[in-house]
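Working notes for the structure below.
The values are calculated or read from the model by the stated rules, or taken from the named source; none is laboratory data. Because the structure is a prediction, the values reported are computed rather than measured. FYI the Cβ positions are ideal-geometry reconstructions off the backbone, even for glycines, and counts take in every protein chain you see.
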Amino acid sequence: MLTELFADPSSLLLFALIGFSAQMIDGALGMAFGQISSTLLISTGVPPAAASAGVHTAETFTTAVSAISHVAHRNVDWRLFFRLVIPGVIGGVAGAYVLSIGADQAKPFVLAYLTCLGLYLFYRGIMHRHTERRPRVVEPLGLVGGFLDAAGGGGWGAIVTSNLLVQGSNPRKTIGTVNTAEFFLTVTISATFILTLGLKAFTTATLGLLIGGVLAAPFGAQIAKRVNPDALLTFVGALLTIVSFYGLYKALV
């Protein structure tokens, strides 16, 4: 197994660079590691279930480092964390089990919704119209986010972070909290995939994403802490719009 993983060093380096870039974005803005990584793996011919399993295996390690960094920088709202993590884990287990029976049918609708949400967040960021208040809809959001994350190979950050920001949650605390909760979600999803698929999804791509992601994870929390809320909201909105619109385009053509 180790011989196969290190058989192509250039391929390993490529996936490591992708993992590093994706995790830098994810750690700073609270989304995109899963979407970027899964899109890449599927485009190279990896089956959706194996791609999702591989990405979540890598994320088990990257989210652990990211969570520690966010906690160290005091980017976590612990009350919000506990409201998210339990329903998120439940949704993740359910999503991992039903991935093989056609969960992708809902993907275009989810991506269209996220594209609109991204445009709205971008508008609020550039117009300085973000009014902070404690979000009310949290547990259902965690449940849906966890389910779609496992079923679609990514999406926890895009769905949960964006919807919490729309409700008025503090951008820095939201990004840190969602990233920290994601560690527990990812561990559960990865364990579910291992039980159903075995270890065959742990490929060179998975190892590369893991190495690059772990190296980048500590830096995202520092960026989130230093950038002002309106700028964070603008960047989140722009990233969400671009990633979701591209995914929607790929899903429809």
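Say we look at the range 112-150 and pick out the residues that are surrounded by fewer than 22 Cβ atoms within 10 Å (Cβ to Cβ) and charged (D, E, K, R); which of these is nearest to R83 (Cα to Cα)?
E139
Kindly indicate whether any position in the range 17-37 is more than 13 Å from the chain's Cα centre (by Cα), modelled with pLDDT of 75 or more and farther than 24 Å from R172 by Cβ.
The answer is yes, given that some residue of the range 17-37 is more than 13 Å from the chain's Cα centre (by Cα), modelled with pLDDT of 75 or more and farther than 24 Å from R172 by Cβ.
Of all residues in the range 101-137, which are in a loop (DSSP other than H, G, I, E, B), at pLDDT 80 or above and closer than 22 Å to L239 by Cβ?
P135
Yes/no matrix, rows are residues, columns are (1) more than 12 Å from the chain's Cα centre (by Cα); (2) over 19 Å from S37 (Cα atoms); (3) at pLDDT 80 or above; (4) not hydrophobic (A, V, I, L, M, F, W, C):
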site: P140; (1), (2), (3), (4): yes, yes, yes, yes
site: D149; (1), (2), (3), (4): no, no, no, yes
site: T161; (1), (2), (3), (4): no, no, yes, yes
site: G168; (1), (2), (3), (4): yes, yes, yes, yes
site: L185; (1), (2), (3), (4): no, no, yes, no
site: K200; (1), (2), (3), (4): yes, no, no, yes
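Collect the residues in the range 156-183 that are in contact with a Pro (Cβ under 8 Å, 6 or more places away or on another chain) and of a type in the set (A, V, I, L, M), keeping them in residue-number order.
L164, L165
Would you mind stating whether V98 is of a type outside the set (D, E, K, R), on the phi < 0 side of the Ramachandran plot, modelled with pLDDT under 80 and in a helix (DSSP H, G or I)?
Judged against the criteria, V98 is a match.
Please go through the range 218-232 and give me each residue that is touching a residue at least 24 places away in the same chain (Cβ under 8 Å) and either of a type outside the set (V, I, T) or outside any helix (DSSP H, G or I) (or both), ordered by number.
Correct list: P218, F219, G220, A221, Q222, A224, K225, V227, P229, D230, A231, L232.
Show the residue pairs that are 6+ apart or on different chains and have beta-carbon atoms under 7 Å apart, the first residue being within the range 119-131 and farther than 14 Å from T161 by Cβ and among the hydroxyl-bearing types (S, T, Y), the second being at pLDDT 70 or above and part of a loop (DSSP other than H, G, I, E, B).
Cβ pairs passing all conditions: T131/G168.
Matching residues to (1) among the charged types (D, E, K, R); (2) free of Cβ contacts under 8 Å to residues at least 60 places away in the same chain; (3) part of a helix (DSSP H, G or I):
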| site | (1), (2), (3) |
| --- | --- |
| H56 | no, no, yes |
| T60 | no, no, yes |
| T63 | no, no, yes |
| A67 | no, no, yes |
| H70 | no, no, yes |
| V76 | no, no, no |
| R79 | yes, yes, yes |
| V85 | no, no, yes |
| A94 | no, yes, yes |
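Please verify whether I211 is out of contact with any strand residue (DSSP E or B) (no Cβ under 9 Å at 6 or more places or on another chain), more than 24 Å from G91 (Cα to Cα) and modelled with pLDDT of 85 or more, treating the condition exactly as stated.
For I211, the condition - out of contact with any strand residue (DSSP E or B) (no Cβ under 9 Å at 6 or more places or on another chain), more than 24 Å from G91 (Cα to Cα) and modelled with pLDDT of 85 or more - is met.
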